[in-house]
Structures are given as C-alpha cells and as structure tokens.
Amino acid sequence: MFRWKLHGDGRTVAPGAVVAPGERLNWGATVAIGLQHVIAMFGATFLVPVLTGFPVSTTLLFSGVGTLLFLLVTKNRLPSYLGSSFAFIAPITAATTTAGTGSALAGIVAVGVLLTAIGFVVQFAGLGWVDKVMPPVVAGAIVALIGFNLAPVAWSNFQVQPLPGTITLVAVILFSVLFRGFLGRISIFLGVIVGYVATVIIQLTTGEVLIDFSVVEQAPWVGLPTFEIADFTKPATWSVIAMFLPVVLVLVAENVGHVRGVAAMTDATANRSTGRALIADGVATTLAGTFGGSGTTTYGENIGVMAATRVYSTAVYWVAGLAAIVLSLSPKVGAVFNTIPPGVLGGVTTALYGLIGIIGIKIWVDNRVDFSRPVNQYTGAVALTLAIAGFTMQWGDFQLGAIVLGSVAALVIYHLGNAIARARKTGADDGGPIPAVGPLGGDPS
C-alpha cells in the first residue's frame, strides 16, 4: 500500500501525462505539493468552525485524520483531501442554538453512520437506487434549500459591521473573476484576508475596537485541541438528528463527483472505488462528530490543485493529512481565526451561502428539469419557501426545522405527485439520474 513507483525522472511530468495515484515524484516535490494541498483546503476548512463556533484546531485535526482514513479505506488508490463540508453549517447553526453543541455533534455522527451505510450498499448494489429516490429536481431543491436557509444568519453578521462586510463581499467577487485556476478557487479565503486587513485598518484609524487580539497573545503555540463528546442523551437530540439527515444527499453527490473527476483524469477503474469513498467519508465524519469536529467531504479545491499540477499521487495526500494534524496542535492558530470579526463573516457568507443555493439550481439547469410540469414546479417552490422562511413544527421537545421540512416536502410532493399523475394519466415526470456535484464552497465548475 505504501509503495509508490517513481514517475519518470521524479522531477518533471511530461506534456499530456499525469502522475497516477500509485506513482510519485521525488520526495522533495511530493512534500511541496502536499503542503500546497494544505493551503488549498485551508481557506474553506477553517470557515466552517469559525461560522459554527466549533474549535478550529479540532476541526483541522479531524480533517487531517479523516484524510489519512480515506486513503486507508480506499486502499491508497483514490487521491482526496477531506475538509469541512459547508453542507453542515445550516443544521449545526440551528442545532447549537436550540439544543447545544453536544446534540449538534450527535447529528454529525448520525450523518456519518448513514453515509457509511449508503457506501456499503453502493459498493455492492451500485448508485441506481439513489437516482430513483432523489432525481435531479429533488436533489437540486434539497441542495439549494440548505444554502438559502442560512440567508438570515449572513445578514445578522453583516449588519453588525456593514463596511467590513461590504469590503469582504466585493473582494470575494473580484478575486473570483480576476484570477483563473488556483487563485480563483480560493477567492473566499482571499476575500477574508482582505476584509480582515481592512477591519484592522479601520480599527487603527477610528480607535474603535473591532478585533480583540488579547486572546491570540494568551494562546500557547503548542497544545492539544479541545474535544467535546457527542450527546445522545438529550430529548432534543433526536429532532436535531432529523435536521441533519438531508446533508447525506449532498455528501453522496460530492463524493461521487470527486471519484468521477479522478477517474476522468487518471483511470476509469477509479470509479470502482465509489462505495469505498462513501464509506471512508462516512467513517471520517462519524469520528469527527464523536469528538467535537465538523463533518468532512472531498474537496474541489484540491481537485483543482491536481488538475493544475497533473499530480494525482496519493503520497502527496499523506503529506497533506499529516501537515494538517501538525497544524492543529497550535492553539495560537485557532485563536487567530477566532478573531475574524462578524462583518467579515457576514460579507463572506453572503456569497458563500448563496453559492450553495446556486449549486442546487445548477443541478436543475444541467439536467434540464422541466418546470412546465406542475409536480416539478411545486417540488422546488414549496421546498425553497419552507427553507428561506424558516418554517418549523414542534411537538413538545421534538422540533422539525426548515431543512427537514423542506427536504421531506420535496420528496413527498415529487413522488406522491407523480404517482397521482401516472394514475390519472395527466403527465408524470420520473426524472433522471442525480448528477455528481462539486464540493460546496469550492469551485462550482
């Protein structure tokens, strides 16, 4: 498993060639590219704990550990970095507010367990059953509503510091259109840096305290991350778990998209690892949620690095995973990211949450969903309205949030509506296969 064949002279990649997963360049180049993968994932990975209130160092630790687990489960045949999934932000935010961090972690664990189970089914039975349960109109609605449900959170941060928020938002958009390739894919990270620097300048100019650096000064350079155990004992936890389950759809689509991307660039036999990829991400997410980290997913940013370098060696991901673990052992790093002001977060999430929603709509566009059909119209319309407005239903301590209600509405309206349409012969739309999408928050293309 840990033997890589040296590619060519170990220094260069010939035009039109790629370094396959079982190959590597010399160790100097391998380490350098591995560290580049850490930089690529960092911009998006740190945002999830910052936005949800989870410890940054803990999330980085389980990101690195999850990457190493992924390589082991896929038998070192599938290059991938597992970073924090943006699909978890909405349910974590809602669950933490209503039931506490322990219950939110339980929801992450539940998603991981379900994703692992789906991985085993896919490994032996294929993806056809997923296509039938969640055709494009349903899949697009569920992905979109996860993003749009967070719009009020973005506004609540933005209005605290409108000027830094505006500067950050403008910077994110400009970086995404000014640069191609790697720099374009990390436009969110670059926008945060610009917004942070602008906030510091405003603080120095006006004397108003917008960022408190005392926590950074007090934090040690070296130390263990903070751990918290998932809590399954609270009555409210079970309604929280229901809120998290729709995220599984997003993780399935992201992992399938990652495997297809690698297979297209290296070897079609990589598609055989689809089930293992889902199992690996499920196990990594379960482990992270159990001890205080956020759920993981394969990262589009890192696919971009592989496409740019043409190096698909799994050796570089061992370097990246180990580097992330080392980085997580510095509380000072986590303290720096915890000082990001609300205005900057408001600006970046205005773009980010909308991007999640647009990825769902892109699924509709790519599959040419026919919205002249009433069933398709109401599947999308009702699901999005429930999510954006924040509908909830509660029975005692048990509450169903907007993400759950919107997802259930999409599934029920589509399948029940088509059953009635087929029985009445008024025109049913049975959809098609669910497409693979890129990781949320990454390069949408």
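The values are calculated or read from the model by the stated rules, or taken from the named source; none is laboratory data. Keep in mind it's a predicted model, so treat the numbers as computed, not measured. We work out accessible area using only protein heavy atoms, side chains counted, and drop any ligands, DNA or RNA first. Shrake-Rupley method; radii C 1.70, N 1.55, O 1.52, S 1.80 Å.
Considering helices alone, the calculated mean residue ellipticity of the chain at 222 nm is -21500 deg cm²/dmol, with DSSP H runs of length four and up weighted by -39500 (n - 2.57) and normalised per residue. P(r) tail for the stretch 161-278, what percent of Cα pairs lie past 26 Å? Summing the P(r) of the stretch 161-278 above 26 Å gives 60 percent of all pairs.
If the stretch 262-358 were replaced by its equivalent ellipsoid, with semi-axes equal to the square roots of 5 times the Cα gyration tensor eigenvalues, what would those be, largest first, whole Å? List each step's numbers first, then the result.
Values: eigenvalues 156, 72, 52 Å².
Ellipsoid half-lengths, sorted descending, are 28, 19, 16 Å.
Quick one: ranking TYR196, TYR299 by accessible area, 1.4 Å probe, largest first, what do you get? It would help to have the intermediate numbers written out before the result.
Working: TYR196 45, TYR299 5 Å².
Most to least solvent-accessible, the answer reads TYR196, TYR299.
Relative contact order, whole percent, for the stretch 246-378 stands at 15, derived from Cα pairs under 8 Å and 6 or more residues apart.
With a 1.4 Å probe and all protein chains left in place, how much accessible area per residue does the stretch 181-311 have, in Å²? Write down the numbers at each step before the final one.
Numbers: 5430 Å² over 131 residues.
Per residue, the stretch 181-311 has an accessible area of 41 Å².
Remark: the stretch 33-137 carries 27 Å² of accessible area per residue (probe radius 1.4 Å; ligands, DNA and RNA excluded).
Order LYS234, LYS332, most accessible first, counting only protein heavy atoms with a 1.4 angstrom probe.
On the way: LYS234 80, LYS332 25 Å².
From most exposed to least exposed: LYS234, LYS332.
So what is log10(I(q)/I(0)) for the stretch 311-382 at q = 0.18, 0.24 1/Å, when the Debye sum runs over its Cα atoms only? Rounded to two decimals, the profile gives -0.88, -1.02. All C-alpha pair distances within the stretch 1-54, sorted into 10 Å bins from zero, spread as 21, 36, 23, 16, 4 percent across the bins. Give me a comma-separated list of calculated 3J(HN,Hα) values for the stretch 260-265, in order, Karplus coefficients 6.51, -1.76, 1.60 applied at θ = phi - 60°, integers in Hz, x for any Gly or Pro. For the stretch 260-265, the Karplus-derived couplings read 5, x, 5, 4, 5, 8 Hz, x marking Gly and Pro.
Relative intensity of the stretch 138-182 on a log10 scale, I(q)/I(0) at q = 0.27 Å⁻¹, equals -0.88, per a Debye sum over C-alpha point scatterers of equal strength in the absence of solvent.
Rounded to whole Å and ordered largest first, report the semi-axes of the equivalent ellipsoid of the stretch 26-78 derived from its Cα gyration tensor (root of 5λ). Please report the intermediate quantities before stating the final value.
Details: eigenvalues 110, 47, 12 Å².
The three semi-axes for the stretch 26-78 are 23, 15, 8 Å.
Amide H to amide H, with H built 1.01 Å from N, GLU23 comes under 5 Å of LYS5, THR314, counting only residues 5 or more places away or on other chains.
Distant-in-sequence amide contacts of GLY83, defined by a placed amide H-H separation under 5 Å and a gap of 5 or more residues or a different chain, comprise THR297, TYR299. Using a 10 angstrom cutoff on alpha carbons, build the Gaussian network for the chain and name the most mobile of ILE92, ILE201, ILE146. Among ILE92, ILE201, ILE146, the largest mean-square fluctuation in the Gaussian network model of the chain belongs to ILE201. Could you work out the Kirkwood radius for the chain, taking every pair of different alpha carbons, averaging 1/r and inverting it, reported in Å? Evaluated on the chain, it is 22.2 Å.
Cross-link partners of LYS362 among lysines, defined as those whose alpha carbon lies under 22 angstrom from its own and excluding same-chain residues fewer than eight positions apart: LYS132. Residue-wise HN-Hα couplings along the stretch 350-363, as the Karplus relation 6.51 cos²θ - 1.76 cosθ + 1.60 with θ = phi - 60° gives them from phi, are 4, 6, 5, 5, x, 4, 4, x, 5, 4, x, 5, 4, 4 Hz; Gly and Pro carry x. Its residues counted as N, the stretch 19-176 yields a C-alpha radius of gyration over 2.2 N^0.38 Å of 1.25. Over the stretch 50-94, the fraction of Cα-Cα pairs per 5 Å bin, rounded to whole percents and listed from the shortest bin up, is 5, 21, 24, 20, 15, 10, 5, 0. When the solvent-accessible area of the stretch 34-92 is split by element, carbon and sulfur atoms take up 66 percent of it, the probe being 1.4 Å. Roughly to the nearest percent, how much of the accessible area of the stretch 142-243 is carbon and sulfur, given a 1.4 Å probe? For the stretch 142-243, the apolar C and S fraction of the accessible surface comes to 71 percent.
Straight-distance candidates among the lysines for linking to LYS5, with alpha-carbon spacing under 18 Å and chain neighbours fewer than 8 residues away dropped: LYS75. For the stretch 255-386, the carbon plus sulfur part of the accessible surface works out to 65%, probe radius 1.4 Å. Residues whose amide H comes within less than 5 Å of that of GLU228, counting only those at least five positions distant or on another chain, are GLY292 (H built at 1.01 Å from N in the peptide plane).
Whole-Hz Karplus values for the stretch 60-69 come out as 5, 4, 6, 5, x, 4, x, 4, 5, 4 Hz, taken residue by residue from phi with 6.51 cos²θ - 1.76 cosθ + 1.60 and θ = phi - 60°; glycine and proline positions read x.
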